1. Would it be correct to say that residue 333 is under 21 Å from residue 295 (Cα atoms) and touching a Pro at 6+ places or on another chain (Cβ under 8 Å)?
2. Just checking: which of the strands (runs of 3 or more DSSP E) contained wholly in the stretch 111-230 hold 1 or more residues that are in contact (Cβ under 8 Å) with a residue 40 or more places away in the chain and farther than 23 Å from residue 280 by Cβ?
3. Across the stretch 218-255, what is the total count of residues that are over 20 Å from residue 56 (Cβ atoms), crowded, with 18+ Cβ neighbours inside 10 Å and of a type outside the set (A, V, I, L, M)?
4. With respect to residue 221, determine if the residue is aromatic (Phe, Trp, Tyr) and within 26 Å of residue 106 (Cβ to Cβ).
5. If only one of 130, 107 is surrounded by 20 or more Cβ atoms within 10 Å (Cβ to Cβ) and closer than 23 Å to residue 149 by Cβ, which one is it?
6. Which one of 200, 125 is out of contact with any strand residue (DSSP E or B) (no Cβ under 6 Å at 6 or more places or on another chain) and surrounded by fewer than 24 Cβ atoms within 10 Å (Cβ to Cβ)?
7. With respect to residue 70, determine if the residue is farther than 21 Å from residue 270 by Cα and either at pLDDT 95 or above or small (Gly, Ala, Ser) (or both).
8. Quick test for you: out of 257, 224, 229, 246, pick the one residue that is of a type outside the set (D, E, K, R) and modelled with pLDDT under 95.
Amino acid sequence: MTTTIRPQPGILEIALYQGGASHIEGQADPLKLSSNENPLGCSPKAVEAVTAAALKMHRYPSTDHDTLRQAIAAVHALPKDQIVCGVGSDEILTLLAMAFAGPGDEVLYPEHGFSMYRIFALSAGATPVVAPEATRKVSVDALIDRISPATRLIYMANPANPTGTALDLAEVARLADAVPETCLLVLDGAYAEFFDGYDGGASLVASRPNVVMTRTFSKLYGLGGLRVGWAYAAQDVIDVLNRIRGPFNLSELALAGAEAAVRDRAFVETCLTLNAEQRARLTGGLRQLGIACDDSHANFVLARFTDENEALAADKHLKAAGILVRLVKGYGFPEALRITVGEGEDVTRVLDAFASFKGST
């Protein structure tokens, strides 16, 4: 049966999002390094908080997320009233497109940016515009060159996914200075905590009314299953987002778990230390095997091979060893594999598998 009902322009151009694989046929418990998850899981205090909150599942959650916003504000030294929470940072990024872009407008983002940026633009009826990158790094000059009178949003992840490369705050500020008042610069900080010394762009938000910083609880905090994110922006922008988000968009479990997680700074430091150590091991080990990779400022490393065929062969070899990583052809890197940084034994297992692969080719 067919229907004459049609969605808004642009929506049928959206390809379905493909997440990182979770299963290998014939393997009962593969090592999953395909989705940039925290190998230590989440804070035990978050587990306790979610367990306690489960006893109140018959109650509606708060609509203002006040206690979670208080916790975020306290940890990051930000004004609580300029924070909004969402179902992962994805929801906030979506709401920004819904609120500030539409037909006739343009949404700009880097060549190898998060694949959802294009989807956000198309779902709002806006035109996606791509700025080329230079050697797997966001080019501020290319972004500035492509700003037009129709540009309403610029999405930029820093550190970037899937490259792991990052711009220092001065370069981000240079971009912010070039953005017109009629456009929002959205700094996607999903991996910001892993970039030592970087504030995610918070200082830029404080000094510029058209800069937005988003963050997530899915990566460092290990709460991908709860879906919690947040943004810091000028009060006018926050007020707009609060007008269009669902009043009960975050469950009581999500709110309780995220608050406990952000307050457990000891667990956060343990996770950051582990990631820094094992990221260096993984990067160094790959290079010793002749596998190219850039310095990463995230919780993953992008391993590059001679061509797509070698990358596919390496992926097949890893799967045979019970290891799942991420093919990133959809991000413009058919010759590469993105590997989440795991615990010490995970990194050893990955490097041993690559050594075996290189020895067999």
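1. On the way: under 21 Å from residue 295 (Cα atoms): yes; touching a Pro at 6+ places or on another chain (Cβ under 8 Å): yes.
Yes.
2. On the way: elements: 127-131, 151-157, 184-188, 211-216.
Here the list reads 151-157, 184-188, 211-216.
3. Of the residues in that region, 8 qualify.
4. On the way: aromatic (Phe, Trp, Tyr): yes; within 26 Å of residue 106 (Cβ to Cβ): no.
For residue 221, the condition - aromatic (Phe, Trp, Tyr) and within 26 Å of residue 106 (Cβ to Cβ) - is not met.
5. Working: 130 fails: surrounded by 20 or more Cβ atoms within 10 Å (Cβ to Cβ).
On inspection, the qualifying residue turns out to be 107.
6. Working: 200 fails: out of contact with any strand residue (DSSP E or B) (no Cβ under 6 Å at 6 or more places or on another chain).
Going through 200, 125 in turn, just one is out of contact with any strand residue (DSSP E or B) (no Cβ under 6 Å at 6 or more places or on another chain) and surrounded by fewer than 24 Cβ atoms within 10 Å (Cβ to Cβ): 125.
7. Numbers: farther than 21 Å from residue 270 by Cα: yes; either at pLDDT 95 or above or small (Gly, Ala, Ser) (or both): yes.
Against the criterion (farther than 21 Å from residue 270 by Cα and either at pLDDT 95 or above or small (Gly, Ala, Ser) (or both)), residue 70 qualifies.
8. Values: 257 fails: modelled with pLDDT under 95; 224 fails: modelled with pLDDT under 95; 229 fails: modelled with pLDDT under 95.
Unique residue meeting the criteria: 246.
The values are calculated or read from the model by the stated rules, or taken from the named source; none is laboratory data. What you see is a predicted model, and the numbers here were worked out from it, not measured in a lab. In this analysis, Cβ positions are derived from the backbone assuming ideal geometry, glycine residues included, and neighbour counts consider all displayed protein chains.
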